[in-house]
Amino acid sequence: MDIFFLGIVIFLIVLAIFDLVVGVSNDAVNFLNSAIGAKVAAFRTILIVAAVGIFAGAAMSNGMMDVTRHGILTPMYFSFYDVMCVFLAVMVTDVILLDVFNTLGMPTSTTVSMVFELLGGAFAIALLKIISGTTGADGTLLTLGDLLNTEKALSVILGIFLSVGVAFVVGTLVQWIARLVFTFTYRVNGKTTCADGNMGGLTSSSLKIGVFSGIAVTIIIWFLLINGLKGTTLMTPEAKDFINDNTWYIIGGGIGAFSVVMTLLSALRVPVLKFVVLLGTFALAMAFAGNDLVNFVGVPLTGLESYKDYIAHGNGNAGTFLMVSLMDSAQTPMIYLVLAGVVMVLALLFSKKAQNVVKTSVDLSRRDEGDEMFGSSVVARLLVRHAMKVSAKVSGIVPAPVSRWVNSRFNADAATLEEGAAFDHIRAAVNLVLAGLLVALGTSLKLPLSTTYVTFMVAMGASLADRAWGRESAVFRITGMLSVIGGWFITAGAAFVMCYIITNLMFFGKFFAMFVAVVTAIVLIIRSNIAYAKKKTTVRENDMIFRQMLREPDEDKRWELLCRHIRVSNTAHLRFVAETYEGITDAFLNEEYRRLRRAATEIEEERKELKRQRRREIIGLRKVNPILAMERNTWYFLGNNSVGQMLYCLKRINEPCSEHVGNSFMPIDRKYVTSFLSYRNEILKIYRRAEDFLTDGNAAAADTLRADAMALQSSISGYRKRIIDDIQRGQVNIESTTVFLLIVQESQELLSSMRHMLRGISKFQN
């Protein structure tokens with residue numbers, strides 16, 4: 001039995017390594033998005049700076065390990081077997097949840113996962129003890145308050161969720177003030193962000209940037225570096241006493257000294273804002289590791305300590321040996337923390353998933369228009385409408401001169417960004433300083449605040465204050481933000497419920513259930529990674545074309561990229577229409593209801609994809625020669641609307657077919673099947689030829705193809721009339737033949753829409 005427990009501990013440690021990789025992939029957004037979004041340095045440089053911060057933070061995170069030891073449960077009332085059930089259930093649940101969210105490219109919270117998993121597992125064991133009438137040392141019945149550290153757990157949970165609102169409000173307010181001071185056009189490092197090339201005064205610009213940078217650097221160093229060092233042997237008791245006694249003098253002196261130094265460096269054209277952002281990236285990565293390392297290795301290391309105590313003093317009684325030793329503070333060997341830091345650094349440098357999650361956060365906070373990852377929702381539309389009404393009322397109260405002055409400070413069109421940047425260095429610095437400040441405050445109080453919550457909501461608040469959410473994008477950005485926040489709350493509920501169930505299964509199923517859980521976790525991890533790899537290999541070509549089009553400075557090349565994007569997207573749509581049309585008709589003829597239901601979902605997804613591609617291509621039209629765009633946009637919309645009509649044809653075919661087959665009505669008379677399949681195969685050939693045309697762009701081939709499609713339409717029209725005659729003569733089943741007639745009619749419409757699409761594309765590109 002002891003050997004089996006050793007196997008569980010080893011598996012926990014192995015899962016901890018995987019959890020470190022998955023967790024860093026998920027939480028890379030916390031410390032990378034500001035530096036990457038502002039393009040302050042090369043991507044490799046940003047990663048190196050963050051990696052150093054992670055390693056330093058991991059080596060200094062010993063104090064946070066107490067959360068897993070006695071922050072949620074009261075281990076003096078839990079046996080060794082109890083805590084092993086909880087710890088194994090936590091790790092199995094955690095890896096599965098985090099990998100699912102990473103694969104979807106959604107930033108979730110490792111802190112929320114860990115806290116609610118521990119809470120769910122501990123709650124499961126606590127209920128069993130209460131039901132069985134377990135008593136304490138004094139003979140009194142134990143209550144939920146005795147078994148769970150409810151006060152600490154509540155403070156942790158409240159801290160996590162309150163940080164959402166606090167971070168958003170603080171981020172909005174501070175960024176609004178910062179923008180009033182700097183505007184979007186300021187002189188920095190001897191250059192200007194003004195689109196017209198106007199330079200601000202050297203003295204005033206350097207002074208503003210110097211003071212701003214001085215405050216930022218002081219906050220970063222004080223709250224992140226000194227605060228992080230307080231928990232290590234590098235900080236002696238005398239040094240701690242000196243810092244505590246002279247806190248405000250040190251902060252005031254730091255602001256003054258750093259402001260002077262940064263002002264002089266700015267006047268000498270040194271990139272101080274880039275330095276601030278990189279320093280903030282280092283410090284936030286360090287705070288992330290110090291705060292969040294417990295989420296990844298806290299449970300396995302606590303399990304290891306529990307196993308050591310059990311082997312030394314348990315006498316083989318796993319079900320009765322109580323874990324009183326976990327009531328003491330953690331004394332984690334430095335080697336474990338260093339090794340964890342090495343794994344985190346390697347995961348950051350080589351993880352592809354990390355880049356996917358960073359993209360979600362940067363896209364939601366960028367200043368300019370581009371590809372919107374999310375659609376709109378009812379809640380987002382309501383919020384936007386009410387916000388516009390409130391804004392109108394406030395504008396009516398504020399004096400006109402004040403309103404004009406404020407609006408002049410937020411004129412983003414007058415500024416230029418770094419090539420490929422989503423926002424400027426001022427906002428990046430605000431994001432990092434505020435996020436680091438809030439996370440460090442939580443760490444100093446030994447509250448594992450969610451760095452994901454804090455950094456994401458600060459970024460969202462700052463982007464809102466920067467007026468990055470225009471009327472054309474606000475509803476999409478809010479939907480995206482709500483989707484991410486909703487994912488966090490789903491994580492909390494799913495973590496609690498899943499870990500509660502798994503803990504119960506392990507408690508009653510004993511070693512067999514534990515073995516099954518371990519195998520299940522391994523299988524799901526492997527499947528998830530295989531699925532993610534496949535997903536990455538099937539990324540649509542036009543995603544890369546669109547990003548290239550946005551970055552391309554040459555107008556002629558942008559036009560070529562736009563035409564290529566339209567060809568690629570329309571080819572994909574044509575292929576989908578042909579495959580789905582074939583699938584729906586086969587399902588109807590063979591009475592496959594599930595296939596028809598699946599087709600309905602796929603059609604809706606393709607309609608959303610068409611809308612997304614149309615928005616991209618309209619953005620592309622705005623970036624080409626205006627005269628050329630005016631000449632060609634009518635033909636573009638003809639082609640695009642024709643694709644939309646094809647999808648509607650599929651929907652009009654699928655709905656009655658699904659209803660007919662779902663009701664188990666009589667199938668179509670087999671005498672129609674052979675002739676229909678002949679016509680259908682001709683339609684599919686036409687569609688394949690249309691795909692070939694979009695690939696090579698031969699205008700003559702388009703004319704021939706349209707003529708062949710028209711001839712096929714005429715032939716199908718005669719076939720349709722014969723079906724109508726059969727219905728009139730009463731020789732067939734009315735229900736099935738009526739649905740079949742609709743399929744034939746919509747088949748004609750598919751050909752007609754394809755002809756219009758070919759005409760539009762030909763005229764647009766030629």
- Within segment 568-584, is there a residue that is over 28 Å from the mean Cα position of the chain (by Cα), free of Cβ contacts under 8 Å to residues at least 12 places away in the same chain and over 23 Å from Asn640 (Cβ atoms)? no
- Reported set for segment 417-437 where residues are assigned to a loop (DSSP other than H, G, I, E, B) and either under 22 Å from the mean Cα position of the chain (by Cα) or closer than 13 Å to Met457 by Cα (or both) is Gly420, Ala421, Ala422, Phe423, Asp424
- Message: Need pairs with beta-carbon distance below 6 Å; first residue touching a residue at least 40 places away in the same chain (Cβ under 8 Å) and within segment 633-648, second among the small types (Gly, Ala, Ser) and open to solvent by less than 50 Å² (accessible area, probe 1.4 Å); sequence gap 6+ or separate chains.
- Response: Trp635/Gly760; Leu638/Gly760; Gly639/Gly760; Ser642/Ser753; Gln645/Ser753; Met646/Ser753
- Query: So Arg722 fits all but one of (1) more than 16 Å from Thr585 (Cβ to Cβ); (2) surrounded by 14 or more Cβ atoms within 10 Å (Cβ to Cβ); (3) of a type in the set (Lys, Arg); what number is the exception?
  - Reply: (2)
- Task: Would you check which residues across segment 131-163 are β-branched (Val, Ile, Thr) and either in a loop (DSSP other than H, G, I, E, B) or over 15 Å from Pro75 (Cα atoms) (or both) and list them?
- Result: Ile131, Thr134, Thr140, Thr143, Val156, Ile157, Ile160
- What are the pairs, 6+ residues apart or on separate chains, where a residue within segment 677-702 that is at pLDDT below 90 has its Cβ under 9 Å from a residue that is among the acidic types (Asp, Glu)? Asn698/Asp692; Ala701/Asp692
- Query: Taking segment 497-512, which residues are open to solvent by 60 Å² or more (accessible area, probe 1.4 Å) and of a type in the set (Phe, Trp, Tyr)?
  - Reply: Tyr500, Phe508, Phe512
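Per-residue answers, yes or no, for (1) out of contact with any Phe, Trp or Tyr (no Cβ under 8 Å at 6 or more places or on another chain); (2) farther than 20 Å from Asn295 by Cβ; (3) at pLDDT 75 or above:
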| site | (1), (2), (3) |
| --- | --- |
| Val454 | yes, no, yes |
| Gly461 | no, yes, yes |
| Gly470 | yes, yes, no |
| Val497 | yes, no, yes |
- By residue number, the members of segment 188-227 that are open to solvent by 20 Å² or more (accessible area, probe 1.4 Å), assigned to a helix (DSSP H, G or I) and either modelled with pLDDT under 80 or among the polar types (S, T, N, Q) (or both) are Leu202, Thr203, Ser204, Trp222, Phe223, Leu225, Ile226, Asn227
- Message: Looking at Ile530, Ile526 in this structure, which one is at pLDDT 75 or above, of a type in the set (A, V, I, L, M, F, W, C), under 26 Å from the mean Cα position of the chain (by Cα) and open to solvent by 80 Å² or more (accessible area, probe 1.4 Å)?
- Response: Ile526
- Could you please tell me which pairs satisfy a Cβ distance under 8 Å, a separation of 6+ or placement on different chains, a first residue in segment 590-613 that is of a type outside the set (Asp, Glu), and a second residue that is open to solvent by 80 Å² or more (accessible area, probe 1.4 Å)? Ala600/Glu655
- If you check every pair at least six apart or on different chains, which have Cβ atoms under 6 Å apart with a residue in segment 38-53 that is open to solvent by 60 Å² or more (accessible area, probe 1.4 Å) first and a residue that is assigned to a loop (DSSP other than H, G, I, E, B) and among the acidic types (Asp, Glu) second? Lys39/Glu418
- Query: Which of the residues belonging to segment 291-337 are of a type in the set (Val, Ile, Thr) and in a loop (DSSP other than H, G, I, E, B)?
  - Reply: Thr320, Thr332
- Query: Any residue at all in segment 73-95 that is open to solvent by 10 Å² or more (accessible area, probe 1.4 Å), more than 30 Å from Ala137 (Cβ to Cβ) and at pLDDT 70 or above?
  - Reply: no
- Message: I'm trying to understand the selection: among the residues of segment 712-766, which are free of Cβ contacts under 8 Å to residues at least 24 places away in the same chain, in a helix (DSSP H, G or I) and more than 24 Å from Tyr648 (Cα to Cα)?
- Response: Arg722, Asp725, Asp726, Ile727, Gln728, Ile734
- Matching option when the condition is modelled with pLDDT under 85, surrounded by 12 or more Cβ atoms within 10 Å (Cβ to Cβ) and of a type in the set (Gly, Ala, Ser), among Ser361, Ser403, Ser391, Ser325: Ser361
- Item | Test: residue in segment 682-697 that is of a type outside the set (Ser, Thr, Tyr), open to solvent by less than 60 Å² (accessible area, probe 1.4 Å) and on the phi > 0 side of the Ramachandran plot | yes
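The values are calculated or read from the model by the stated rules, or taken from the named source; none is laboratory data. Quick caveat, the model's predicted, so the values are computed rather than measured. For neighbour counting, all protein chains shown are included, and Cβ atoms are generated from backbone atoms with ideal geometry for every residue, glycine included. Each accessible area value is taken on the protein alone, full model and side chains, heavy atoms only, with ligands, DNA and RNA left out. Shrake-Rupley method; radii C 1.70, N 1.55, O 1.52, S 1.80 Å.
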